[in-house]
Every structure is written in C-alpha cells, then in structure tokens.
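Scroll down for the structure; my scribbles are underneath it.
Read-outs: derived from the displayed coordinates by stated rules, not from any lab. It should be emphasised that the depicted structure is a prediction, and the values quoted were computed from it without experimental measurement. Positions of Cβ are generated from backbone atoms using ideal geometry, with glycine treated the same way; all protein chains shown enter the neighbour counts.
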Amino acid sequence: METIFGLAEALEGSAFGGWARGSSLAYPVANLVHLLGLVMLVGAIGVLDLRLAGLWRSLPLPELSRALTPIGVAGLLVMLPSGFVMFAADAGSLIGSPVFQAKLAVIALGIANALAFRVLWRGDEPAGLGRLMVIGSVGAWLMVAALGRLIAYT
C-alpha cells in the first residue's frame with residue numbers, strides 16, 4: 001500500500017502533476033470533459049438500464065442497446081484521461097481519501113456488474129437477478145457521480 005502512496009506523490013510532484021495543478025486551463029477543462037463523460041455514461045447506460053428493468057417496453061431493446069451502449073462506453077473512456085489529469089493535480093492527498101477510494105471501488109463494481117450482465121444476458125429480457133443487476137448499475141453510476149462531487153468537500 002505504501003508503494004501506491006509513493007506513486008501518487010511522485011505523480012503529483014511530476015511535471016505532469018504540476019501542469020495539471022498550475023495551468024489555468026488544464027484542471028477546469030479536465031473537469032468539464034469529465035462531466036461530459038459522466039453525462040454520456042449515466043445518460044446512455046441509465047436509459048438502457050431502466051429499459052432493461054422494465055420501463056419503456058415499447059422501445060425495442062436490441063436497437064436501444066446498439067445505439068446507447070457505445071455512447072456509455074465512450075463516456076467512460078472520456079472520463080479516464082480527464083480523471084487522471086484531475087487526480088495528478090492532487091494525487092498525494094486523494095489516494096488516502098476514503099471518498100476517493102470508495103469512488104474507485106464503486107467504479108470497479110459498476111464495470112464488473114456491466115461485464116457480468118453482458119455475459120449472462122445476451123439480448124434477452126432480464127428477470128430476477130438480471131433486473132437487480134441493472135437497477136444496481138443505475139445506483140452504482142449515480143453513486144460514482146455523487147462520490148466524485150463529494151471529493152471536493154472532504
């Protein structure tokens with residue numbers, strides 16, 4: 001664990017960390033891009049998950065999934081580099097933050113849940129556990145958003 005703290009402090013002390021922290025544009029732009037990625041992820045996957053949970057049954061599931069899944073994945077991919085820029089600016093203290101650690105854990109849980117769901121339900125209307133998984137997905141990504149905002153206040 002000490003190695004992780006050392007790596008975080010090294011990142012924060014690096015030229016990249018200094019740029020992320022000291023540039024008048026780097027952190028604000030990264031924050032806006034991160035928010036855009038969050039909107040793409042939660043908007044797309046949230047609608048798809050709610051459809052899978054039983055809402056809007058008149059919308060055809062295969063077409064909705066084909067349209068929204070790439071947007072959600074793109075949102076997650078947009079969030080990775082923008083989140084890294086924001087992390088680099090204050091990595092030393094963020095790595096020890098319970099809120100930040102919880103956010104990372106819920107992200108891992110959300111990704112694992114999505115992958116497990118894709119393996120277990122391939123185009124079928126989910127029932128039972130499947131519906132719990134999609135409701136859990138909505139909750140996980142909303143929790144990630146809430147924890148991300150709470151980081152600034154802890």
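Summary of values
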{"quantity": "Gaussian network model of the chain, Cα within-10 Å springs - most flexible of Ser137, Ser93, Ser82", "calculated": "Ser93"}
{"quantity": "Mean separation of Cα contacts under 8 Å, 6 or more apart, over the residue count of region 21-101: relative contact order %", "calculated": "45 percent"}
{"quantity": "Net lengthening on full extension, Ala146/Leu80 (0.36 nm per residue, minus Cα-Cα)", "calculated": "22.1 nm"}
{"quantity": "The chain: radius of gyration and largest Cα-Cα distance (Dmax), Å", "calculated": "17.5, 54"}
{"quantity": "Positive minus negative residues near Ala89 (Lys, Arg vs Asp, Glu; Cβ under 14 Å)", "calculated": "-2"}
{"quantity": "Highest-MSF residue in the chain out of Arg66, Arg21, Arg131 [GNM, Cα springs under 10 Å]", "calculated": "Arg66"}
{"quantity": "Spherically averaged projected area of region 41-98 from its Cα convex hull (nm²)", "calculated": "5.0 nm²"}
{"quantity": "Linear extension gain, Ala10 paired with Glu63, 0.36 nm per residue minus alpha-carbon span", "calculated": "14.5 nm"}
{"quantity": "Pairwise label distance in nanometres, Leu132 with Arg21, each label 7 Å out on the Cα-Cβ vector", "calculated": "4.5 nm"}
{"quantity": "Tilt relative to the chain, helix 129-151 - C-alpha long axis, 0 to 90 degrees, to 10", "calculated": "20 degrees"}
{"quantity": "Region 2-151, relative contact order in percent, only Cα pairs under 8 angstrom and at least six apart counted", "calculated": "34 percent"}
{"quantity": "Rounded to the nearest 20 debye, dipole of the chain from Cβ charges on Lys, Arg, Asp, Glu", "calculated": "420 debye"}
{"quantity": "Proximal charge balance of Ala145 [Cβ under 15 Å; K/R count +1, D/E count -1]", "calculated": "+1"}
{"quantity": "Values of log10 I(q)/I(0), in the order q = 0.17, 0.22, 0.26, 0.27 Å⁻¹, for region 1-80 under a Debye, Cα-only, solvent-free model", "calculated": "-0.75, -0.94, -1.09, -1.11"}
{"quantity": "Length released on extending from Val73 to Trp56, taking residue separation times 0.36 nm less the Cα-Cα span", "calculated": "3.9 nm"}
